[in-house]
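J.: Attaching a single structure in structure tokens format; questions to follow.
Taken together, the values in this text are just the output of simple stated rules run on the coordinates, not laboratory data. Remember, it's a predicted structure, so these values are computed and weren't measured experimentally. A quick note on method: Cβ atoms are made from the backbone with ideal geometry, for glycine too, and the neighbour counts reach across all protein chains shown.
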Amino acid sequence: MNRVILIKYGELSTKKGNRSFFINTLYNNICSKLVNYDVKITKDRARMTILFKDEDLDNIKDIVSKIFGIHTFHVAFVCSSDVDDIKNTLLNVISDEKFKSFKIETKRSNKQFPIHSQDFNKVLGGLLLKNIPNITVDVHKPDMWIKVEIRDDETYIYYNTYNGCGGYPTGTQAKGMLMLSGGIDSPVAGYLAMKRGVVFDAVYFEAIPHTSLDAREKVITLCKKLSSYTNNINLHIVNFTPIQEEIYKHCRDDYVITIMRRMMYRIMDKLCQKYNGLIIINGESIGQVASQTLTSMSVINNVTNIPVIRPVGCMDKLEIIDIARKIDTYETSILPYEDCCTVFVPKHPVINPKLEIAIEEENKFDYTSLIDNVIDSLNTIKISNDATEDKFKDLL
């Protein structure tokens, strides 16, 4: 018997005039992710199907579960829209399954089919009761919920449901730039941005020798995990050491984090201009640390006019951790390698900085030329979930 993966769109099905754009983007994303498999993918305005080889099913299910724009999907058995063929297929499909109760739900988009949906539920239910011993009908909490979709050219029979990522297909929005640290929050922020259709480059600020190569490898691993939800991610590695050392040399202790973040935002602003990013994405969560109070965010944000999107901004830490576990970034994020935001945190960072003091402090050194040098010396690596050649193991 032929089987297909039957994809249900979810949120993107609410689109009207540009619905085809969303569906076509999803189709292209699926084709790209399954390029190494022998599959046939078909699409229409209501659903998509993937014809596959049996030995590839588990791998394809795993890949499809990580593609944004898919609400649910099913492994469905396919037969003709003939009464006897549907009955025989159902019996063959179900006979080896273990269950005590069942429910059948028929949807009949083929209005030429000779039996109405409710009547056909009874026909199929009676068939199972007659041929499979010790089972009953339970329309409220069945062990097995069998769905039969009768279409013009063929019929789908399935009794399983797998959750997709939901959201919009990645690439239906323009490009952003993600500030990716080695912590828990920023990978989750990247995941949530992708869920709204955003593609992005990632930017990692490192301060070797104050931070380690292990910290960089940690970020590369996080980027690989995020790339499983898209195709490739460009990771830009910023040598932040010269700027950070000047900040600690010239600026008052309680303002160093504020100044440091303002410098990062200036760099992100320039990188957005260089790589066509329309937004800055980060993992800031209101009130979580001193630089994430509303006052701090206002002072830090002052250096850029590019919109800053904070997908986890109103989540508490436990909510963020739950998502990090779900997307398999948590265990990597808690590896004990400090990034440049944590390695030199002062004992008493200012919680409510004043803009005029921040400007006064950062004007004590020539940050403009330092930022230009950082942009000129940027290192970029293309990350994919399959294999990544680390070009920077020997970078010091």
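J.: Treating only the Cβ atoms of Lys and Arg (+1) and Asp and Glu (-1) as charged, compute the dipole magnitude of the chain about its Cα centre; round to the nearest 20 debye.
T.: On the way: 49 positive and 50 negative charges, 289 e Å.
Computed charge dipole of the chain: roughly 1380 debye.
J.: If you add up the charges near HIS74, with Lys and Arg at +1 and Asp and Glu at -1, over every other residue whose beta carbon is less than 12 angstrom from its beta carbon, what do you get? Don't skip to the answer; put the middle values down first.
T.: Numbers: positive: ARG3, LYS8, ARG47, LYS61, LYS147; negative: GLU149.
So the environment of HIS74 carries a net charge of +4.
J.: So, one more: At 7 Å along Cα-to-Cβ for each site, give me the label-to-label distance between ASP96 and PHE21 in nm.
T.: 4.6 nm
J.: Starting from the Cα of LYS270, draw a straight line to each of the lysines and keep only those under 27 Å, dropping any in the same chain fewer than 8 residues away.
T.: LYS175, LYS195, LYS218, LYS224, LYS225, LYS249, LYS354, LYS364, LYS382, LYS391, LYS393
J.: Can you give me the Cα centroid spacing of region 22-90 and region 274-341 in angstrom?
T.: If we compute the Cα centre of each part, the gap is 35 Å.
J.: Okay, moving on. Can you tell me the relative contact order of region 2-163? Whole percent, Cα pairs under 8 Å, sequence separation 6 or more. Mind showing how you got there, number by number?
T.: Numbers: 247 pairs, mean separation 43.2, N = 162.
Worked out over region 2-163, it gives 27 percent.
J.: Show me 262-272, 182-192 ranked by packing, highest mean number of other Cβ atoms within 10 Å first. Let's see the in-between values first.
T.: On the way: 262-272: 21.6, 182-192: 25.6.
Going by the mean number of other Cβ atoms within 10 Å, highest first, we get 182-192, 262-272.
J.: Compare the Cα positions of ILE67, HIS210, LEU235 along the charge dipole of the chain (+1 at Cβ of Lys, Arg; -1 at Cβ of Asp, Glu; about the Cα centre) and return the one farthest towards the positive end.
T.: It is ILE67.
J.: Count the net charge of all other residues whose Cβ sits under 12 Å from the Cβ of MET177, scoring Lys and Arg as +1 and Asp and Glu as -1.
T.: Numbers: positive: LYS175, LYS270, LYS274; negative: ASP201, ASP269.
That sum, taken over residues with Cβ under 12 Å, equals +1.
J.: Whole angstrom only: what separates the Cα centroid of region 170-204 from the Cα centroid of region 356-378?
T.: 26 Å
J.: Moving on. Any chance you could run the full-extension gain for ASP366 through LEU294? It's 0.36 nm times the residue separation minus the Cα-Cα distance, nm to one decimal.
T.: On the way: separation 72, 0.36 × 72 = 25.92 nm, distance 2.76 nm.
Taking ASP366 through LEU294 to full extension adds about 23.2 nm, to one decimal.
J.: Only residues of region 270-284 count here: report those whose backbone N is under 20 Å from the spot 7 Å along Cα→Cβ of ASN305, or say none.
T.: Counting backbone N atoms under 20 Å from the label point, the list is 270-281.
J.: Using DSSP, restrict attention to beta bridges with both residues in the chain and report what percent are antiparallel, rounded to the nearest 5.
T.: On the way: 31 of 56 bridges.
Expressed as a percentage, antiparallel bridges in the chain total about 55.
J.: Determine the sum of side-chain charges near CYS31: Lys and Arg each +1, Asp and Glu each -1, restricted to other residues whose C-beta is under 11 angstrom from that of CYS31. Walk me through the numbers on the way to the answer.
T.: On the way: positive: LYS33, LYS40, LYS43; negative: none.
That works out to +3.
J.: Taking LYS98 as the anchor, which lysines have their alpha carbon closer than 27 Å to its alpha carbon, excluding any fewer than eight residues away along the same chain?
T.: LYS8, LYS53, LYS61, LYS87, LYS107, LYS122, LYS130, LYS141, LYS147
J.: Would you work out if region 1-122 is rounded, prolate or oblate? Take a ≥ b ≥ c from the square roots of the eigenvalues of the alpha-carbon gyration tensor; rounded if a/c is under 1.5, else prolate when a/b is larger than b/c, oblate otherwise.
T.: oblate
J.: Between LYS122 and LYS274, what length comes free when the chain is fully extended (0.36 nm per residue of separation minus the Cα-Cα distance, one decimal in nm)?
T.: Length difference between fully extended and current span is 48.4 nm.
J.: Answer with one residue from PRO187, VAL83, THR49: the one whose Cα lies farthest towards the positive end of the charge dipole of the chain, charges on Cβ with Lys, Arg +1 and Asp, Glu -1.
T.: Of the candidates, VAL83 comes out farthest on the positive side.
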